[in-house]
């Protein structure tokens, strides 16, 4: 299963909104600028997220978008399903060998488990714990 730019950029939008949760609406322009993305493309992605009631829009000079639920209530799986469709790396065929069919089901379930157990709050609060230190070499 390959996540397209729709899923990746959709997660980017939602993470940006989660990081600013409770601070008021955020413009897509600022999210696009901060992440070096096309504002026009983000506008196309925000519509299905709004239709799924994950975000709401606020009109006006200081308007923009904000999460309509708390960050811990929205999972990465929710977002990927809205933007990418069902999470199925392989179409499982009933006439397929049982061993192969079982493998595809296990892979699908593992992917779903990771996506459904990772919330926006997890992603927004993520800190890299294994930062590589800069090394100084002398010759």
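The values are calculated or read from the model by the stated rules, or taken from the named source; none is laboratory data. Please read these numbers as outputs of a predicted model, since none were measured by experiment. As a convention, Cβ positions derive from the backbone with ideal geometry for all residues, glycine included, and neighbour counts pool all protein chains shown.
In the set 70, 23, 34, 43, only one residue is farther than 28 Å from residue 90 by Cβ, loosely packed, with under 12 Cβ neighbours inside 10 Å and either in contact (Cβ under 8 Å) with a residue 12 or more places away in the chain or under 14 Å from the mean Cα position of the chain (by Cα) (or both); that residue is 34. Among the residues here, residue 22 qualifies as within 21 Å of residue 126 (Cα to Cα) and outside any helix (DSSP H, G or I).
Looking at this structure, is residue 101 farther than 18 Å from residue 7 by Cα and surrounded by 14 or more Cβ atoms within 10 Å (Cβ to Cβ)?
Yes, satisfied.
You will find that of 76, 52, 18, the residue that is closer than 25 Å to residue 113 by Cβ, modelled with pLDDT of 95 or more and surrounded by fewer than 19 Cβ atoms within 10 Å (Cβ to Cβ) is 52 and no other.
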